[in-house]
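Notes to accompany the following structure.
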Amino acid sequence: MKFLEYKAKAIFAKYGIPVPRGVVAARPEEIHDPPLPCMVKAQVLVGGRGKAGGIKPAATIEEAHAIASQILGMDIKGYKVKTVYLEQRLDIEKELYLSFTIDRSAREPLLIASAMGGMEIETVPHDQLFMQHIPTLIGIQPYVLRSMTKRLGLADHLGEQVEDIARKAYALFRKEDAELVEINPLVVTKGGKVIAGDAKLVVDDNAEYRHLEYAKLDQDRTALEEEAHEKGITFIQLDGDIGVIANGAGLTMATLDVLNLKGGKGGTFLDLGGTDDPDKVAQAFELLIKAKPSVILLNIFGGITKADTVALGVKKALEVMHADVPVVARIKGVNEDAAKQILRDIGMHPAETMEEAAELAVQVKRGGV
Amino acid sequence: MKFLEYKAKAIFAKYGIPVPRGVVAARPEEIHDPPLPCMVKAQVLVGGRGKAGGIKPAATIEEAHAIASQILGMDIKGYKVKTVYLEQRLDIEKELYLSFTIDRSAREPLLIASAMGGMEIETVPHDQLFMQHIPTLIGIQPYVLRSMTKRLGLADHLGEQVEDIARKAYALFRKEDAELVEINPLVVTKGGKVIAGDAKLVVDDNAEYRHLEYAKLDQDRTALEEEAHEKGITFIQLDGDIGVIANGAGLTMATLDVLNLKGGKGGTFLDLGGTDDPDKVAQAFELLIKAKPSVILLNIFGGITKADTVALGVKKALEVMHADVPVVARIKGVNEDAAKQILRDIGMHPAETMEEAAELAVQVKRGGV
Amino acid sequence: MAVLLTKHSRVVVQGITGHQGQFHTRAMLDFGTKVVAGSSPGKGGSKVEGVPVFDSVQQAVDKKRANASIIFVPAPYTKDAAIEAMEAGLKLVVIITERIPFHDTLEFIPYARTKGAVVIGPNCPGIITPAEAKMGIMPSHIFKPGDCGVISRSGTLTYEIVNAMTQGGFGQSTCVGIGGDPIIGTNTLEALELFQADRKTKRIVVVGEIGGTAEEEAAAYIHKNVTKPVVAYVAGRTAPPGKRMGHAGAIIQGNMGTAESKVKAFNDAGVPVAEYPVDIAKLLGQT
Amino acid sequence: MAVLLTKHSRVVVQGITGHQGQFHTRAMLDFGTKVVAGSSPGKGGSKVEGVPVFDSVQQAVDKKRANASIIFVPAPYTKDAAIEAMEAGLKLVVIITERIPFHDTLEFIPYARTKGAVVIGPNCPGIITPAEAKMGIMPSHIFKPGDCGVISRSGTLTYEIVNAMTQGGFGQSTCVGIGGDPIIGTNTLEALELFQADRKTKRIVVVGEIGGTAEEEAAAYIHKNVTKPVVAYVAGRTAPPGKRMGHAGAIIQGNMGTAESKVKAFNDAGVPVAEYPVDIAKLLGQT
């Protein structure tokens, strides 16, 4: 679950991390009492807003209205700006960087900090980064924070503030099941205060049940992907035209790869998971059909999955949707002969192996079958 | 730091552990609106109040006043009752036991629970106790609580309440630096509610700096012990007449043991620690003199401690206090010859070993020197 | 010998009374696994597929000398179940459950190390030692005893590959489905260590996928420490770039994590990478 | 050989710039200890008694290959210091500091196990291997090399006993002051294991005191596992009963914890117990 900046900042504030004052608006006329002078910031789930013209200063309320009107409705890297955040303008002395994320290899959270904030942190030379794993069993210790502020070369009164923010950001990271807490820039003002200039927060989807208040957040998904998410189906839209559906993420990826090697291009990544419930299969197929593929490539290797009930689900979906999209299907599993017969009965193309199925899908698309 | 019941219950309540309603009073006329019917409970830092007549029921406000008058000022095992707690009377269906303490050998907190509460828990057969260590790195897990309520034979609606109380009591145990959190009885009411009938809380003295709000609690100390505590001196009054002062807890104990073997009896346990600051030594000696020993036995083995400054402290204290109590001193350490001279100059009895010193102290007491 | 799981392993099934737990208990028994107990709070005293059910794992250990656990409980309860197994002294804990919040995994996996327990998964198909025992959900019939160790991050793709191996005459010593989550108890490198040390294993198959740097690290390890022939497959060459953990993720991952990076790492380590999954069998023929 | 500490140990002093830290750094150097570094946040770059000071333990490891730490920092900062040492990879951490809240100790001691680090203390005089090295605060001059291992819960009482041993001709292989707190990193039993395994140690002296059940457990262990002669002293035979952790404490401790219980346990294990501290030397003469 990704958070728009202003929602992330509200959570930051809950944990005691200093953030600038701000007001949010979906329409210019909703803007009443912005802190002035302010920055008008497009609220989108994508980076690079500034370069795209999504962040601009305003000194007066009139200017704020005018700029908000410009920014609202803008298209930033494919994201329409639906809200703006008008935020107190900071007197910037220095920009730092601070984040917590996980390091898969180390299986521990990783704290990254740098004195070179305000830019894309991956472009900062490695020797300018402070990186430290945090053992979850014992948590973040004062010596880690001391080493950090020492490396950042901060004077004591600033170091203390940054350490306090890092401690709170780690608490947030853990308690809110975050995948990422990122503050870039972490601003040092001319007045000697440290304050979160931006806020990125991504919360683990698997922990949604512990944070039901976040479940309704706008996410970085197409309409179909949103529908899939609501139905609990793993579905990603791609730019090819062959609708790929398989069971298991690895097998789905492999099916897309094999299809590609055979000269085709996947238009969907749909992982059916372990289900053989015909209704769920039908639901997944309905989504797939809505994505308007020219051919559907179904690849099931289910030692335990019942192949015939999967086939019945496919049949049902095609009937319900009145779809006449050609389907190439390879189903291995319990009762696979019965499954093949069901598929043949509705005019589909059964295949024995995934290589054969992929080849066939490409042929069908080219009108060769 | 030990807590009176009503103070412990206030902290329990802060952690969400259900406690009966109650009011506290130091004089009967302070009692205005007690929950009725109530139990009037003597607030003392010692067990066995009930048997000693320190807990009695009252049905009316007049009765409450009368009983409070009886109980206030009572002497319970040497403790004067300074306050009473008038607490809502519970309709008891069943009495359980629950505690968290540390197991030194396992180096882990230990949860103890029993369905046989309301009595001295150490008299309960071991097979009626549920005992489980809690690893601090990972905390208390649901399965532990489930096993506990299963062993206690509690129905689901009670089990859930007890599990919740245990979870909160563990949080209290950890966050408040407790040595002991004990609820006995943990009452199950006829109405099916679980509520802490009594509350014992002991907080680690070493963690006082994290809980300054507790530092002013009345403790289980004599006036002299309290004075010592305020001065940061480890001092316990014993029932013998030879004032023993040594450096280090082990050596102080050993000195008392040796004294005993030589036919003497210690009247104080005073551990000087590692100090050789003459002012601190003088302070400790002043306390010792106030305890009115017939002889003082000083035993210092200080490889690093400066023996002469210790001796100067002794000299100073005796002068300030105008004390003429005989002192037998054995001091090993840096400049020990100078120390011996200082002691001899003021008429003390230097000894070479602790055995010799103890023997000498007994002789001096008997008037043999 | 085999890796981690043998016919002597005494398995307790946590969550045995659930649909999945029951179904796979039957399948594991049929495969010959010594499933000695199940655990399901409040269901102690019952039986599932003839297996006695206890309220706690500790009872399964005390009464049935269980020494390994397979977990089927729902995600919100998995951390509790895993810690219960470790505290009861089990040294092998296989977690099938998927969609576990990774902050839970970040607690019980380091904790497992303090207890000397090996965790496989979560979100994995389990482990199988053909002709000996299965702790997992994979289809039994596609496996056959042999000398190939298989390590895989995915489930069904593994079946696809194992099926091809078996058909091509390449049986398996043990197949470890290490799981597809970002945080797993035993990673590719650690599984490689086990197979390198296992006398029965003569060749090793690694099935990787995009995301993370497990394959790159494994390749470096192979180059240095593995004397047995290794062949690999990497899924996701044409998949959309996985979600990247913001800029912080980019720092951790650097240029790694892509299929190209992984294939190159394997090739640099002398590990041939199959183009098609079924080609694994062909590559094994050349080892 | 000796136990835990030898002349090759490379010691970093945490809190070297404090009064205690500086004083004992001098004394440890004088004894021949390889004190290679100090650490004191914000004081990096300075020197104390000729020893370079770093801001962090990690730097002391990186620059000076420190492999053991002695901690003198005040109690509120000790947990942090101990974890810093463990995370920097040090495998021996001696904690002199007293009055540390035991809920802190309850965290860093289990954590030390996850890192494979040995903690001595807290609230202890340290370790000394005569003629090799000292990590501690004990008076150096009373020690002399020999074949007696000494394990003690107290400080000055140990000096008393060691002094008598040295005067009686019984030198020490290593003397470990395990500390007087309820929760300590290395207890009597664990120290016994070390001395039992140490070839240089021929006899073992255990100095116990009332409270807890460490001596009773040690006695049981000696009976079963220790082949070397052991002699003991127990302080507190006439001390007031120590504070008891309420009724819960009574359950844990049962009838143990008193001097009588401890003396009996030692005697039952064939360990003679000295009446006077100085008698330890006599008892050693009879081994």
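Every read-out reported here was derived from the displayed coordinates using simple, explicitly stated rules and does not represent laboratory data. Small disclaimer: the values here were computed from a predicted structure and weren't measured. Because the Cβ atoms are built from the backbone with ideal geometry, glycine has one as well, and the counts that use them run over all protein chains shown.
Per-structure values
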{"item": "Local electrostatic count, A:R210, Cβ distance below 13 Å [Lys/Arg +1, Asp/Glu -1]", "result": "-3"}
{"item": "Within chain B, helix-based [θ] at 222 nm, where runs of 4 or more DSSP H residues each add -39,500 (n - 2.57), nearest 500", "result": "-10500 deg cm²/dmol"}
{"item": "Equivalent-ellipsoid semi-axes of the stretch B:92-212, from the Cα gyration tensor, Å, largest first", "result": "23, 15, 14"}
{"item": "Mean separation of Cα contacts under 8 Å, 6 or more apart, over the residue count of the stretch A:278-321: relative contact order %", "result": "73"}
{"item": "Test item: A:290-302 mean partner chain Cβ contacts at 10 Å", "result": "1"}
{"item": "Net +/- balance of residues flanking B:A317 in space, Cβ distance below 12 Å, scoring K and R +1, D and E -1", "result": "+1"}
{"item": "In degrees, nearest ten, helix D:102-115 long axis to first principal axis of chain D (Cα)", "result": "80"}
{"item": "Cross-link pairs beyond the 19 Å C-alpha cut-off, checked among C:K34/C:K200; A:K2/A:K175; B:K14/C:K79", "result": "C:K34/C:K200; B:K14/C:K79"}
{"item": "3J(HN,Hα) from dihedral phi, the stretch A:191-204, Karplus parametrisation 6.51/-1.76/1.60, rounded to Hz, x for glycine, proline", "result": "x, x, 9, 10, 8, 6, x, 10, 8, 10, 9, 10, 10, 3"}
{"item": "For the stretch D:164-174, 3J(HN,Hα) per residue [Karplus equation, 6.51 cos²θ - 1.76 cosθ + 1.60, θ = phi - 60°, Hz, x = Gly/Pro]", "result": "5, 4, 4, 5, x, x, 9, x, 10, 6, 8"}
{"item": "C-alpha long axis of helix A:249-261 to longest principal axis of chain A, angle in °", "result": "70"}
{"item": "Cα gyration tensor shape of the protein assembly as shown, rounded if a/c is under 1.5, else prolate or oblate by comparing a/b with b/c", "result": "prolate"}
{"item": "Residue-wise HN-Hα coupling along the stretch B:132-148, computed from phi with Karplus coefficients 6.51, -1.76, 1.60 (Hz; x: Gly, Pro)", "result": "8, 6, 10, x, 5, 5, 10, x, 7, 9, x, 5, 5, 5, 4, 4, 4"}
{"item": "Partners for B:K292 among aspartates and glutamates (Cα-Cα distance below 13 Å; same-chain residues under 8 apart left out)", "result": "B:D239, B:D241, B:D324"}
{"item": "Principal axis box of the stretch A:124-168, alpha-carbon based, largest edge first, Å", "result": "29, 26, 15"}
{"item": "In degrees, nearest ten, helix A:278-290 long axis to first principal axis of chain A (Cα)", "result": "70"}
{"item": "Average beta carbon contacts from partner chains per residue of D:181-192, 10 Å cutoff", "result": "2"}
{"item": "For the stretch C:75-111 versus the stretch B:312-369, the gap between their alpha-carbon centres in whole angstrom", "result": "64"}
{"item": "Cα gyration tensor shape of the stretch B:241-369, rounded if a/c is under 1.5, else prolate or oblate by comparing a/b with b/c", "result": "rounded"}
{"item": "Residue of A:S105, A:S114, A:S294 that the Gaussian network model of chain A assigns the largest fluctuation, springs spanning Cα pairs under 10 Å", "result": "A:S105"}
{"item": "Gyration tensor (alpha-carbon) shape descriptor, the stretch B:214-286, a/c threshold 1.5", "result": "oblate"}
{"item": "Cα-based Rg / Dmax (Å) for chain D", "result": "18.5, 56"}
{"item": "Estimated D of the stretch D:138-285 in µm² per second, where Rh is the Kirkwood radius over Cα pairs and Stokes-Einstein applies at 4 °C, 1.567 mPa s", "result": "85"}
{"item": "Given 13 as the ceiling on other Cβ atoms within 10 Å, longest exposed-site-free region of chain A for GluC sites (Glu not before Pro) in DSSP loops", "result": "A:121-351"}
{"item": "Local electrostatic count at C:T213 - Lys and Arg +1, Asp and Glu -1, tallied over other residues with Cβ under 10 Å", "result": "-2"}
